[in-house]
Amino acid sequence: MGTMTVFSLLASSLAPMLIMIQNDYNIKPSVAGLLPLFNAFGGMVANFFGSMIIAQFGLLNSLYVSVFFGVTGSVLFFFSDNFILLMISLFIIGMATGSSFMGMTSAFAHVDEKYQNYGFLHAFYGLGGILAPLFVTFFRDTSLGYKGAYIIYSAFLLIVFFFMFFTKIIENKIYEKIKIKEGFKIIFRNYIFVALIIFMIYSGIENGIVTWGGNLFTERLNYTGDFYAATLSKFWIVFTLGRVFSELFLKFLGNKKMLYMLSFGAVISLIALLEFEFPFLFIITGLFLSGFFPVLQKYINQKLSKREVGLFSGILYFSTNLGNMIIMYTMGLFGDISFIYSYIMLIILFIFIIFMLRRLFRIL
């Protein structure tokens, strides 16, 4: 849980920083969009190669590598004095977060099933989201500047490393290598392929909403960047609480009803946000987004063998980073005209997810 929080800090800090970076470098949204693009690409690269080797490389070893990438990327980000170095550092940070989420969810799948509360696990990702804007805002007003947050994150990562190394609390579970032909058979099972498409689009939507929210708030809603940072923390508080209680609601509603409810709620809240321009609607959107990923992930993981979970986790996070790359950068391109168009695109994509859910449930 603690490791999830630390890596979430790395993943969640770009969103509140992005408007600051745009102002510092005097760049358009389409140019600033290269930063989340490179960040997502780093995660995609790590997940692509990680999915092929995690079974025989070991869960603990994969997390050691994640920490190494996280410290390297964080230090480089802090010392970056030009836009190119920023992109490189965020690429490395993307490799860290991509490989870490793959390793952690794979390790979590090995816990006794009665303890596999995916909503609670992912709630700690939301905790990182709550803290990240606070860290960024705090350090912006110090001599270190907003980049100073990443120096603190690198120290947190080293604590994580020493804890894992000396306690050996996570077993370095190793399985027989999954061959390429077998891997493709697993990936192209009907229900897995459809689920990966849903995960890919959903992740792009979730990250797009928070990454470009600062531009929406300053351009359309006429609020300051600081106001958005405070609103973003509230978004993550609601998001985290939603994930904490998602398992409870899941027991009453079941997978189908819960995923449909969250999807329709997200669509309606996004439409209302653009129509009425009330900031609290942005926060409410976080509530509907909160349970979607863990509920669907647990549902699919339970259809797989323990040996297959590592491969699926790698391909899952590969697909989510691909969705992040495509959707977030496209939002930046639309943002050069107006971010209203960017968020309308997200509404259309979420409606498409609802249709894909219908297909998934027909298969299963």
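The values are calculated or read from the model by the stated rules, or taken from the named source; none is laboratory data. Bear in mind that the values here come from a model prediction, so they are computed numbers and not experimental data. Here Cβ is always computed from backbone atoms with ideal geometry, including for glycine, and neighbour counts include all displayed protein chains. Remember, those area values only see protein heavy atoms, side chains included, never the ligands or the DNA or RNA. Shrake-Rupley method; radii C 1.70, N 1.55, O 1.52, S 1.80 Å.
Quick notes on this one:
- Residue in the stretch 172-183 that is open to solvent by less than 90 Å² (accessible area, probe 1.4 Å), in contact (Cβ under 8 Å) with a residue 24 or more places away in the chain, closer than 28 Å to Leu273 by Cα and of a type in the set (D, E, K, R) present: no
- Yes/no for Gly73 being at pLDDT 90 or above, of a type outside the set (Asp, Glu) and open to solvent by less than 10 Å² (accessible area, probe 1.4 Å): yes
- Within the stretch 125-151, residues that are on the phi < 0 side of the Ramachandran plot and among the hydrophobic types (A, V, I, L, M, F, W, C) have Cβ atoms under 8 Å from residues that are surrounded by 19 or more Cβ atoms within 10 Å (Cβ to Cβ) and not in a helix (DSSP H, G or I) in these pairs: Ala132/Ser13; Phe135/Ser13; Val136/Ser13; Ala149/Ser13, counting only partners at least 6 apart in sequence or on another chain.
- Scanning the stretch 108-145 for residues being among the hydroxyl-bearing types (Ser, Thr, Tyr) and crowded, with 21+ Cβ neighbours inside 10 Å gives a total of 2.
- Among the conditions (1) without any contact (Cβ under 8 Å) to a residue 12 or more places away in the chain; (2) buried (at least 24 other Cβ atoms within 10 Å of the Cβ), the only one that Thr97 does not satisfy is (1).
- Exclusive hit being under 18 Å from the mean Cα position of the chain (by Cα) and under 13 Å from Gly119 (Cβ atoms), set Gly314, Gly291: Gly291
- Residue list for the stretch 300-326, filter: open to solvent by 30 Å² or more (accessible area, probe 1.4 Å) and assigned to a helix (DSSP H, G or I): Lys306, Arg307, Phe318, Leu322, Met325, Ile326
- Of all residues in the stretch 301-314, those that are within 15 Å of Gly50 (Cβ to Cβ) have Cβ atoms under 6 Å from Cβ atoms of residues that are outside any helix (DSSP H, G or I), 6 or more apart or on another chain, in Val309/Ala109; Leu311/Ile178; Phe312/Leu304.
- Helices (runs of 4 or more DSSP H) (entirely within the stretch 71-188) containing at least 2 residues that are over 20 Å from the mean Cα position of the chain (by Cα) and not aliphatic (A, V, I, L, M): 118-140, 149-167, 180-187
- Considering only residues in the stretch 52-70 that are modelled with pLDDT of 85 or more and aromatic (Phe, Trp, Tyr), the one that is most open to solvent (accessible area, probe 1.4 Å) turns out to be Phe68.
- Pairs where the first residue, in the stretch 330-356, is among the small types (Gly, Ala, Ser) and the second is open to solvent by 30 Å² or more (accessible area, probe 1.4 Å) and not in a helix (DSSP H, G or I), C-beta under 7 Å, 6+ apart: none
- Failed item, numbered, when Lys234 is tested on (1) in a loop (DSSP other than H, G, I, E, B); (2) open to solvent by 40 Å² or more (accessible area, probe 1.4 Å); (3) in contact (Cβ under 8 Å) with a residue 12 or more places away in the chain: (1)
- If only residues of the stretch 202-226 that are part of a loop (DSSP other than H, G, I, E, B) and of a type in the set (A, V, I, L, M, F, W, C) are counted, the one that is surrounded by the fewest Cβ atoms within 10 Å (Cβ to Cβ) is Leu221.
- Criterion applied to Val295, Val309, Val267, Val244 was being within 22 Å of Ala123 (Cβ to Cβ) and modelled with pLDDT of 90 or more, and the one residue passing it is Val295.
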